[in-house]
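Beneath this line is the structure, given in structure tokens, with notes to follow.
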Amino acid sequence: MRFYATYLAQRLGQFLLVVFIGINLTYLITHLTPIDPVEQSIAAVTSFGNTSPEAIGAMRQSLRELYGLTGAPHEQYLAFWRRIATADFGPSLSAFPTPVSTLIARALPWTIGLLATATLLTWVLGNLLGGLAGYYQNKTSLKVLAIIAMGLHPVPYYIVAFVLLVTFGYLWPLLPIAGGKAMNLGDQLSLEIVLSILKHSILPALSLLLVGLGGWFLGMRSLVSNIVSEDYVVYAELAGVDHRRILTSYVMRNALLPQVTGLALSLGAIFNGAIITEQVFGYPGVGSLLVSGVYAGDYGLVLGVATVSIIGVSTAVLIIDLLYPLLDPRVRTG
Amino acid sequence: MLATLRDLMIYNPEFRIGAILLGLVAGMAALSLASPYAPLDTFVVAPDLPPSFAHPFGTTSRGQDVFWQLTFAIRNTLTFGIVVAVLSRLLSLAIGLLAGYKGGWVDRVLMAINDTFIAIPLFPILVLFYFVLRDAMSWAALAIIMALLGWAYDARLIRALALSLKTREFTYTGVFSGMTTRELLVREHLPYVMPIVFATTMNNMNWSIGLEVTLSVLGFTDINSPTVGSMIYWANQHTALVAGVWWWIAFPVILLVALFIGLFLLAVSMNEHIDPRSRLRRMGAEGGA
Amino acid sequence: MTATPAADREPKRASAGAPREPVLTVEDLKAYYRTRHFGIEREVRAVDGVSFEVRDNEIYGLAGESSSGKSTLLKAVAAAMRPPLQVVGGTVRMRFLAGAKSLHQASSAELAQLRWRRLSYIMQGSMSALNPVRRVRRSFEDFAARHLGGTGAAFEAKVVAHLELVRLDKGVLDAYPHELSGGMRQRVTIALATLCRPDLVIADEPTTALDVVVQKDVLDMIRDVQRQVGSSLLLVTHDLGVHAYLTDRLAIMYGGRLVEEAPTETLFRSPQHPYSKHLIASLPRIGEEAPKVTLTGGPPNLAEPPPGCRFHPRCPLVMERCRRETPALTRLAPHHRVACFAVGGQA
């Protein structure tokens, strides 16, 4: 039990460290800017006309704090953290005067829904197929699958998403290639909406799946082909234990442990892929928000999405870390 | 060394295919020296011509020859990948070896930082960099930033290797025969570390070039210096696909995919070369046939 | 050994009364590692023509240094070959396998029926022999439930009763392997291997990984359980002390072949083969002062074994003939076989 407690404390510490270093990184980057960003942004907003002086004042205040320009250095730093801690990134420049936090809150469910579903599906499918390929090394169909995986895995998300877009958007228009749901459906929850959401998520999810699958497949295959020569597997074979039982409860069950750790380690990279995939398919998640924020020169939005991404990804990592002991009794009761 | 490469070429299909693909890409980059057009010039040929004998990959809407433009683009892209890989190798070697050999609190602190950099989603950070730096974001600046952010995963691998080397027999022999730490690391351990460094170099290039392409396509880099990513950016800007100028996008994408698969296969074959267990399986499988 | 005339062979069941065939009969077994890497074919003849049998109720020992092929022999006997290891000749017969065929010709269904019910195994390095993510109870179920029938309380009662034989509390069933000490884990595997009262238990270096204090305890336990269950035991270890302590008959292996086989006591008192003599003489004895004689050279490279007798490059009694011909394992006395031209009837 003490072992478990140490483990939990360690993971929690790592989580706090990631958030701390990550957010400090954003603060540092912000201070690299060679121009006065605040007045430039304000000028951009006022040029659209009809904004109240109070709203401008509030905007100037929040931008100065987010850029860390108010008061002595330590005050600047504290003001920045206070903004982060209260998720107050000020009003958005591109959707003035909607607060950045509202925009992010609107986009987040789309990203989490797409990313969680696609990642879990990819992980499960990749491990299952990879496990079979590692155990039955002479099956031709699995060898072909390995070659396909090797060909797809190294290609970046953007290219795969782009090729899918071209294929199903121009060459063979079968599926919707833009947006999160059909425009004309309104916000009332209905079967029609759910189906539309699912249909719109197929291509983004498919591009995440195609790129991600190969990694889990190849990783699992090589883990399994090493684990089959572990003593406990050889022993179970000598004991005539049923082969399916050996494959599932002995080989795959043990190979799963490093793959769970691997999932936690690669969430950051998967998130990078999701951002660009959203952008390609115009999916209404935080990725599209980030890119449009850059195009619109909306600093609060870019900083907000970066911060939320750091916290979101490290929270997901923490959840996986906390679930890990359920799978590995050596951590649970060591 | 040469004999090993020759044997890998003959008997390891992953290495063979990877080397051929990479050779093609490198050959393409080398051809840039013979280009009849300067890389930044536009409207030097008739625009929007489909592939033909005179212009094997066609021409762009900006009046550039896709083939020759691509030779410059792939050269810059490769150079970028190599620069990032070399710089981040220095970091991951230094940090990985230090953590592995020193152990104790040095190891714990370095690995905590290391795991942090693995967990942080880098893409939003890079976008933030671009947002703040704007025009100051030259490809050199981007290379340095990516090197500073991209060492962590490989440092962990190198640390694990250093840990296993530390307890080997010849380390003790070396220590007892009075070698300095530096001599020991360079003479005894580097030969074990090099293959892993090579494999991680390939993976790191895949990573950095992939991100560079992604950023360029969005226009978040110096889009005026020709890279494969910025070529696709300009093609998108001119809505090349809608306009039917597919060759402007297809050839850069094909070349990129060849590069990525080539690098990946070389890394895979190198990992197999390092890991005797998978080699044994291959031997067994062939012997049984 | 291929040259051994049939008439020379030991009559079946020479020792005890019942006219039953031996539990295990190995004849002229050849198991090679065949690899092809970078186009170069290699053949390591790790087991090259080995014949012996294991009888009812006996503990048969097999000794040899680390590259003598004894572990490979066990894999071949247990039909647990994996590429690149292949059985290229000879037979391994178990008494209960129908049709007097070799284990290597049995169908996988036949093998599954045989394993653990007739033939079980105690592994080298039992530390890692149990699945680290599965409770011990599940291992017992996986390994034995199909033979003992049912899973419920009846099965559990059988297991608990059997655990008492190895002085383990039923609490170990709920433990994970990492929660047990090395000695306890080894006792769990002994209990596992004997639960179905198999006819033959193969033990591969069962005590090598344990510390010295636990070793004797485990050896006693193996013998006690073997007596109670009535299994035969094929015990392989390089440790001659273990053989002296436990085995009834002993065979010495060198370079992939048996060089001598005799009742353990006979072999220790009057070893005949020069290699066995060397092994026995090099055992430490209390009060001894004369320095040990060491052999020159190392064990043979089995990828390119020396022609003739594989021991001849290191043999103090080497003759011209030893370099050309291979000595067969020949009967010296009713229960004593030696493969050497310099001793016994072959000269």
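Taken together, the values in this text are just the output of simple stated rules run on the coordinates, not laboratory data. In this text the structure is predicted, and so the values were computed from the model without any measurement. Reconstructed Cβ throughout: ideal geometry from the backbone, glycine too, with neighbour counts over all protein chains shown.
Per-residue ellipticity at 222 nm for chain B, helices alone: DSSP H runs ≥ 4 residues times -39500 (n - 2.57), over residue total, nearest 500 deg cm²/dmol? Walk me through the intermediate numbers first.
Working: 12 runs with 208 residues, N = 289.
That calculation yields -24000 deg cm²/dmol at 222 nm.
Round to the nearest 10 and give me the degree value, 0 to 90, for the angle of helix C:153-165's Cα axis relative to the longest principal axis of chain C.
Roughly 50 degrees, rounded to the nearest 10.
Only bridges with both residues in chain C count here: give the DSSP antiparallel percent, nearest 5. Don't skip to the end; give the middle numbers.
Numbers: 30 of 48 bridges.
If I count the DSSP bridges inside chain C, around 60 percent turn out antiparallel.
When DSSP beta bridges are limited to those with both residues in the protein assembly as shown, what percentage is antiparallel, rounded to the nearest 5?
Bridges in the protein assembly as shown that DSSP calls antiparallel: roughly 65 percent.
I need the phi-derived Karplus couplings for the range C:234-243: 6.51 cos²θ - 1.76 cosθ + 1.60, θ = phi - 60°, integer Hz, Gly and Pro marked x.
Once rounded to whole Hz, the list reads 9, 10, 10, 7, 7, 7, 5, x, 5, 5.
Between A:Gln61 and A:Leu128, what is the label-to-label distance in nm when each label sits 7 Å out along the Cα-to-Cβ direction?
5.5 nm
Whose amide H sits under 5 Å from the amide H of C:Thr330, counting only residues 5 or more places off or on another chain, with H placed in the peptide plane?
C:Val338, C:Ala339, C:Cys340
Run the dipole for chain B about the Cα centre, Lys and Arg Cβ at +1, Asp and Glu Cβ at -1, nothing else charged, and hand back the magnitude in debye, nearest 20.
Working: 18 positive and 17 negative charges, 151 e Å.
Charge dipole of chain B: 720 debye, to the nearest 20.
Among C:Ser107, C:Ser139, B:Pro121, whose Cα sits farthest toward the positive end of the charge dipole of the protein assembly as shown (+1 at Cβ of Lys/Arg, -1 at Cβ of Asp/Glu, about the Cα centre)?
Ranked along the dipole, the leading option is C:Ser107.
Only Cα pairs under 8 Å and at least 6 apart count here; give the relative contact order of the range C:20-247 as a rounded whole percent. If you can, show how the numbers build up before the last one.
On the way: 396 pairs, mean separation 58.8, N = 228.
Taking the mean separation of contacting Cα pairs over the length of the range C:20-247, I get 26 percent.
For chain B, set up a GNM with springs between Cα atoms under 10 Å and report which of B:Met205, B:Met137, B:Met146 has the largest fluctuation.
Result: B:Met137 has the largest fluctuation of those listed.
GNM on chain C, C-alpha springs below 10 Å: top fluctuator among C:Leu173, C:Leu295, C:Leu258?
C:Leu295
For every other residue with a beta carbon closer than 12 angstrom to the beta carbon of A:Ser288, add +1 if it is Lys or Arg and -1 if Asp or Glu, then tell me the sum. Please report the intermediate quantities before stating the final value.
Working: positive: A:Arg106; negative: A:Glu278.
Around A:Ser288, the surrounding residues sum to 0.
Counting only residues 5 or more places away or on other chains, whose amide H sits under 5 Å from the amide H of C:Val201 once H atoms are built in the peptide plane?
C:Ser120, C:Ser232, C:Leu233, C:Leu234
Take the alpha carbon gyration tensor of chain C, find the square roots of its eigenvalues, order them as a ≥ b ≥ c, and report rounded if a/c is under 1.5; if not, report prolate when a/b exceeds b/c, else oblate.
Details: a/c = 1.73, a/b = 1.54, b/c = 1.12.
It comes out prolate by the Cα gyration axes.
Between A:Leu191 and A:Asp88, what FRET efficiency follows from the Cβ-Cβ distance if R0 is 51 Å, with the result rounded to 0.05? Please report the intermediate quantities before stating the final value.
On the way: r = 38 Å, r/R0 = 0.75.
E between A:Leu191 and A:Asp88, to the nearest 0.05, is 0.85.
Given labels modelled 7 Å from the Cα in the Cβ direction, how far is it in nm from C:Val213 to A:Tyr4?
A separation of 3.1 nm, rounded to one decimal place.
Do you know the relative contact order of chain B, to the nearest whole percent, from alpha carbon pairs under 8 angstrom that are 6+ apart? All intermediate terms of the calculation are to be shown ahead of the outcome.
Working: 340 pairs, mean separation 77.2, N = 289.
Result for chain B is 27 percent.
Can you give the direction-averaged projected area of the convex hull of the alpha-carbon atoms in the range C:85-209, in nm²? Intermediate results must be reported in sequence, preceding the final value.
Details: hull surface 34.8 nm².
In nm², the orientation-averaged hull projection of the range C:85-209 is 8.7.
What residues qualify as long-range amide H neighbours of C:Met253, i.e. H under 5 Å apart, gap of 5 or more or another chain, H built at 1.01 Å from N?
C:Ala63, C:Gly64, C:Val259
Taking the Cα centre of the protein assembly as shown as origin, work out the dipole magnitude from +1 charges on Lys and Arg Cβ and -1 charges on Asp and Glu Cβ, in debye rounded to 20. Spell out each step's value before the answer.
Values: 81 positive and 70 negative charges, 524 e Å.
The calculated dipole for the protein assembly as shown is roughly 2520 debye.
Just name one of B:Thr59, B:Met194, B:Val84: the one whose Cα is farthest towards the positive end of the charge dipole of chain B (beta-carbon charges, Lys/Arg +1, Asp/Glu -1).
Most positive-ward Cα: B:Met194.
Any idea what log10 I(q)/I(0) is at q = 0.19, 0.21, 0.25 Å⁻¹ for the range C:276-338, Debye with uniform C-alpha scatterers and no solvent?
Log10 I(q)/I(0), no solvent term: -0.91, -1.01, -1.14.
In chain A, if the dipole is taken from +1 on Lys/Arg beta carbons and -1 on Asp/Glu beta carbons about the Cα centre, which of A:Val224, A:Leu318, A:Ile177 is farthest to the positive end?
The one lying farthest along the dipole's positive direction is A:Val224.
Taking the Cβ of A:Gln76 as the centre, find all other residues whose Cβ is under 12 Å away and add up their charges (Lys, Arg: +1; Asp, Glu: -1).
Details: positive: A:Arg64, A:Arg82, A:Arg83; negative: A:Glu65, A:Glu75.
Neighbourhood net charge equals +1.
Given C:Lys158/C:Lys216; C:Lys30/C:Lys70; C:Lys30/C:Lys101; A:Lys143/C:Lys75; A:Lys139/C:Lys75, which pairs have Cα atoms separated by over 21 Å? Numbers along the way, then the final one.
Numbers: C:Lys158/C:Lys216 27 Å; C:Lys30/C:Lys70 12 Å; C:Lys30/C:Lys101 16 Å; A:Lys143/C:Lys75 29 Å; A:Lys139/C:Lys75 25 Å.
Check vs 21 Å cut-off fails for C:Lys158/C:Lys216; A:Lys143/C:Lys75; A:Lys139/C:Lys75.
For the range C:276-338, calculate the relative contact order in percent as a whole number, restricting contacts to Cα pairs under 8 Å that are 6 or more residues apart.
Values: 44 pairs, mean separation 13.2, N = 63.
Result for the range C:276-338 is 21 percent.
How large is ³J(HN,Hα), in whole Hz, for each residue of the range A:167-174 in order, when computed from phi with the Karplus curve 6.51 cos²θ - 1.76 cosθ + 1.60 and θ = phi - 60°, using x for Gly and Pro?
4, 8, x, 10, 6, 9, x, 10
Please work out the FRET efficiency for the pair B:Val86 and B:Arg134, using the Cβ-Cβ distance as r and a Förster radius of 22 Å; give the result to the nearest 0.05.
Numbers: r = 27 Å, r/R0 = 1.21.
Working from the Cβ atoms, E equals 0.25.
Could you check which residue among C:Arg55, C:Arg118, C:Arg323 shows the biggest mean-square fluctuation in a GNM of chain C with a 10 Å Cα cutoff?
Result: C:Arg323 has the largest fluctuation of those listed.
Please list 3J(HN,Hα) in residue order for the range B:88-101, calculated via the Karplus relation 6.51 cos²θ - 1.76 cosθ + 1.60 where θ = phi - 60°; whole Hz, with x for glycine and proline.
Those phi angles translate into 6, 4, 4, 5, 5, 5, 4, 6, x, 5, 4, 4, x, 7 Hz.
Mind pulling the angle between the C-alpha long axis of helix A:299-327 and the longest principal axis of chain A? Nearest 10 degrees, somewhere in 0 to 90.
In chain A, helix A:299-327 runs at an angle near 30 degrees to the longest axis.
With bins 10 Å wide starting at 0, give me the P(r) of chain B over every alpha carbon pair, in whole percents.
So the P(r) values, bin by bin, are 6, 23, 28, 22, 14, 6, 1, 0.
Say each of A:Asn226 and B:Thr42 gets a label point 7 Å from the Cα, pointing the same way as Cα to Cβ; how far apart are those two points in nm?
It is 5.2 nm.
Please check which bits of the range B:77-98 a label hung off B:Leu33 would reach, taking the label as a point 7 Å along Cα-to-C-beta and the cut-off as backbone N under 20 Å.
Under cut-off, by backbone N: B:77-83.
If I take the Cα coordinates of the range A:107-296 and project them onto the principal axes, what are the three extents in Å, biggest first?
Largest first, the range A:107-296 extends 63, 32, 32 Å along its Cα principal axes.
Calculate, for C:Lys101 and A:His243, the FRET efficiency according to 1/(1 + (r/R0)^6) with r their C-beta to C-beta distance and R0 25 Å; round to the nearest 0.05. Mind showing how you got there, number by number?
Numbers: r = 22 Å, r/R0 = 0.89.
With a Förster radius of 25 Å, E is 0.65.
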